[in-house]
1. Pairs only if they're at least six apart or on different chains, beta carbon under 7 angstrom, first in the range 291-320 and of a type in the set (D, E, K, R), second surrounded by 14 or more Cβ atoms within 10 Å (Cβ to Cβ); list them, first residue then second.
2. Would you tally the residues in the range 98-138 being among the aliphatic types (A, V, I, L, M) and over 14 Å from the mean Cα position of the chain (by Cα)?
3. Is it the case, given these coordinates, that residue 270 is crowded, with 19+ Cβ neighbours inside 10 Å, touching a residue at least 12 places away in the same chain (Cβ under 8 Å) and of a type outside the set (A, V, I, L, M, F, W, C)?
4. Would you confirm, using the coordinates I've provided, whether residue 172 is of a type outside the set (Gly, Ala, Ser), under 21 Å from residue 353 (Cβ atoms), touching a Phe, Trp or Tyr at 6+ places or on another chain (Cβ under 6 Å) and modelled with pLDDT of 95 or more?
5. When you check residue 7 against the structure, is it on the phi < 0 side of the Ramachandran plot, touching a residue at least 60 places away in the same chain (Cβ under 8 Å) and in contact with a Ser or Thr (Cβ under 6 Å, 6 or more places away or on another chain), yes or no?
6. Out of 36, 40, which single residue is farther than 17 Å from residue 69 by Cα, among the basic types (Lys, Arg), out of contact with any His (no Cβ under 6 Å at 6 or more places or on another chain) and free of Cβ contacts under 8 Å to residues at least 24 places away in the same chain?
7. Of all residues in the range 65-107, count the ones that are assigned to a loop (DSSP other than H, G, I, E, B), of a type in the set (Val, Ile, Thr) and under 23 Å from residue 141 (Cβ atoms).
8. Find the residue count for the range 262-289, including only residues that are out of contact with any strand residue (DSSP E or B) (no Cβ under 9 Å at 6 or more places or on another chain), β-branched (Val, Ile, Thr) and part of a loop (DSSP other than H, G, I, E, B).
Amino acid sequence: MAAPLILVSGATGSVGQPLVADLLARGLPVRALVRRRDARSAALAAKGAEIVAADLFDADQLADAMNGVQRAFYLPPIRPHMMQSAVAFALAARAARVEHVVSMSQWTSHRAHPANMTRQTWLNDGLFDLVPGAGHTVFNPGMFAHNFLRTIDFAALLGVYPVLSGKGRAAPVSNEDMARTAAVILAEGPDRHAGKRYRPTGPDLLDGREMAAVIARVVGHGVLAFDMPFWLFAKAARLQGVDPYEIASLSHYLEDMRAGTFAFEGGVTDVVEALTGTPAETFETTARRYAALPFARQTLANRLKAFVNFNRVPFQPGVNVRRLERRLAVPELAEPSLAVADPVWRQTHAAQMAGTSALIPAPRLVRLA
């Protein structure tokens with residue numbers, strides 16, 4: 001029997017690239033869906049991936065890209081109308097008779113979450129479960145380690161590390177661990193994984209100051225952790241070129257972290273090891289990889305650049321989250337709630353934390369009695 005052709009969306013991203021590489025290393029044919037052809041897609045092609053450029057919001061382009069595909073990984077774009085791309089992806093999967101869809105969701109996925117992105121991922125969780133003939137697996141990690149390492153250059157070069165979530169704790173998971181876990185699910189297919197949801201995490205619950213201590217070991221000198229107000233972080237993120245909508249979403253996820261959403265029922269799973277056979281890497285291991293990147297290397301030129309950028313932060317345009325959401329016409333809920341405050345979310349997610357996976361409950365539009 002021929003190996004199944006696997007489509008990976010977001011293939012040049014921080015999760016997509018290692019996912020494509022892992023699948024190819026397993027000898028599986030991969031169609032890498034990219035927004036445009038560039039050096040990153042050329043690198044994937046050199047490894048053996050078939051490259052298809054398509055717009056995730058264009059139904060016709062997605063239908064063409066999905067032709068002949070047996071399994072597909074959906075990585076949602078962080079955009080206000082992301083749900084439109086999910087519907088187009090689901091319709092393309094149905095037309096192609098795809099046998100298995102693995103969709104990237106969120107641990108916070110909740111129908112009444114204050115983050116528009118998160119409410120849409122909850123809808124996605126139900127949408128892909130309705131594709132006729134296709135098994136569906138929900139992939140819902142918690143906070144990415146990347147979120148806490150965006151400012152590692154400040155720690156490495158200036159000795160300071162901003163803390164945004166108070167004493168809130170999470171078990172940060174690396175992009176590479178998410179990729180290799182998703183690769184196993186896609187490689188083994190629907191017979192083993194359809195109808196399940198998996199939450200890969202890192203091995204340790206950490207708060208911001210504990211992360212700062214880890215980073216200090218990595219960079220080899222003292223690091224001062226300080227509480228940074230979100231409005232100031234938003235300015236720093238804008239300086240790094242982060243999209244305002246992504247920053248707005250992150251503001252809500254930091255509320256989740258402070259409220260204990262990512263530490264719920266212990267906050268740590270063995271999903272990475274259970275599926276891949278190798279334990280999830282520690283936050284320190286991930287941080288060492290980031291510290292070795294060109295922007296964080298401890299050179300004189302980088303120190304000068306970091307010093308200048310650090311002092312530019314207060315003068316950057318910020319992000320008024322409420323104003324942005326109004327401008328984007330983001331739907332407003334009468335009674336939004338953080339995930340951990342909702343009894344339905346707590347019930348379904350407690351069941352998931354009890355094991356490495358759980359059958360997907362149908363999306364619920366009623367509250368528990």
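The values are calculated or read from the model by the stated rules, or taken from the named source; none is laboratory data. All figures in this text were calculated on a predicted structure; none of them were measured in a lab. Every residue, glycine among them, receives a Cβ derived from its backbone with ideal geometry; neighbour counts consider all protein chains shown.
1. 303/157; 312/239
2. The number of residues fulfilling the criteria is 9.
3. Working: crowded, with 19+ Cβ neighbours inside 10 Å: no; touching a residue at least 12 places away in the same chain (Cβ under 8 Å): yes; of a type outside the set (A, V, I, L, M, F, W, C): yes.
No; evaluated as a whole, the condition is false for this residue.
4. Spelling it out, residue 172 is indeed of a type outside the set (Gly, Ala, Ser), under 21 Å from residue 353 (Cβ atoms), touching a Phe, Trp or Tyr at 6+ places or on another chain (Cβ under 6 Å) and modelled with pLDDT of 95 or more.
5. Answer is no for this residue.
6. Only one candidate passes the filter, namely 36.
7. Count: 2.
8. Number of matching residues: 3.
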